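A.B. asks: Submitted below is the structure of interest, expressed as structure tokens.
The values are calculated or read from the model by the stated rules, or taken from the named source; none is laboratory data. Remember, predicted model here, so these are calculated numbers, not experimental data. Note that each Cβ is placed from the backbone with ideal geometry, even for glycine, and that neighbours are counted across all protein chains shown.
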Amino acid sequence: MKYIYLHGFASSPQSFKAQFLKKRLAEVGIYLFVPDLNLGDFTSLKISRQAIYLNEIIAAQNDEYCVIGSSLGGLLALILAEEIQAIKKLILLAPAIEIKNIWNKELGNEGVKLWHEAGFYNIYHSGARCEIPLCYSFIEDMNNIKDRGFKRNLPVLLIHGENDKTIPINVSYRYQEQNKFANLVKLDCGHGMEDKVDDIWDSIYNFITYEEETENAY
């Protein structure tokens with residue numbers, strides 16, 4: 001089985017969680033592939049374009065996959081798993097489920113209107129460590145993607161901070177109710193979860209070890 005990590009919005013493959021998990025998985029003999037989801041042009045970024053890019057990567061391999069997704073990467077993992085049967089399990093860190101509601105609430109109607117009129121909105125990009133303009137086409141594209149109501153039942157580990165102000169933990173509760181194979185681990189932290197990486201690793205290691213033992217039993 002191959003492992004792939006999908007970083008969050010306005011982040012990069014060099015994010016703290018991505019590199020931490022890459023190192024810890026390597027210690028147990030697992031290579032973690034971390035693609036750059038900025039696709040060379042953050043300004044023109046679209047979630048649908050990210051999904052197409054990842055679909056092509058996975059389709060090119062004749063392997064089963066475990067997808068680890070953080071925030072927007074977690075939503076992408078769910079979108080991909082609906083269509084790609086080669087994805088056999090997911091590990092979702094504060095997944096950006098119901099992102100349409102979150103964006104509208106965060107910006108407000110006036111903020112969205114101003115973004116539409118200007119054509120661009122400056123976003124702080126943690127990977128680049130500076131603000132980068134993002135086209136309004138990101139919002140138009142986001143309005144057409146699936147961000148809830150996922151139907152496929154597969155083993156999923158959800159890890160979410162109880163104090164997350166960016167992606168409320170309630171979205172993970174609602175997803176867990178829809179997927180009988182989903183398990184939610186709650187942490188005492190906010191959205192970044194960088195202070196809880198050891199707890200995250202413990203949960204991930206237990207999850208992948210249990211899944212491997214279950215698969216080998218059949």
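A.B. asks: Among the residues of segment 14-21, are any outside any helix (DSSP H, G or I), of a type in the set (Ser, Thr, Tyr) and either modelled with pLDDT under 95 or closer than 19 Å to THR166 by Cβ (or both)?
C.D. replies: Yes, because at least one residue in segment 14-21 is outside any helix (DSSP H, G or I), of a type in the set (Ser, Thr, Tyr) and either modelled with pLDDT under 95 or closer than 19 Å to THR166 by Cβ (or both).
A.B. asks: Looking at segment 22-51 only, could you name the residues that are of a type in the set (A, V, I, L, M, F, W, C) and in a loop (DSSP other than H, G, I, E, B)?
C.D. replies: Result: VAL28, ILE30, VAL34, LEU37, LEU39, LEU45.
A.B. asks: Then there is this: Of all residues in segment 65-119, how many are part of a loop (DSSP other than H, G, I, E, B), more than 16 Å from the chain's Cα centre (by Cα) and polar (S, T, N, Q)?
C.D. replies: 1
A.B. asks: Going by the structure shown, is TYR53 over 30 Å from GLY119 (Cβ atoms) and either over 11 Å from the mean Cα position of the chain (by Cα) or surrounded by fewer than 19 Cβ atoms within 10 Å (Cβ to Cβ) (or both)?
C.D. replies: In short, no.
A.B. asks: Of all residues in segment 125-173, which are of a type in the set (S, T, N, Q) and either more than 24 Å from GLN85 (Cα to Cα) or crowded, with 17+ Cβ neighbours inside 10 Å (or both)?
C.D. replies: SER126, SER137, ASN143, ASN163, THR166, ASN170, SER172
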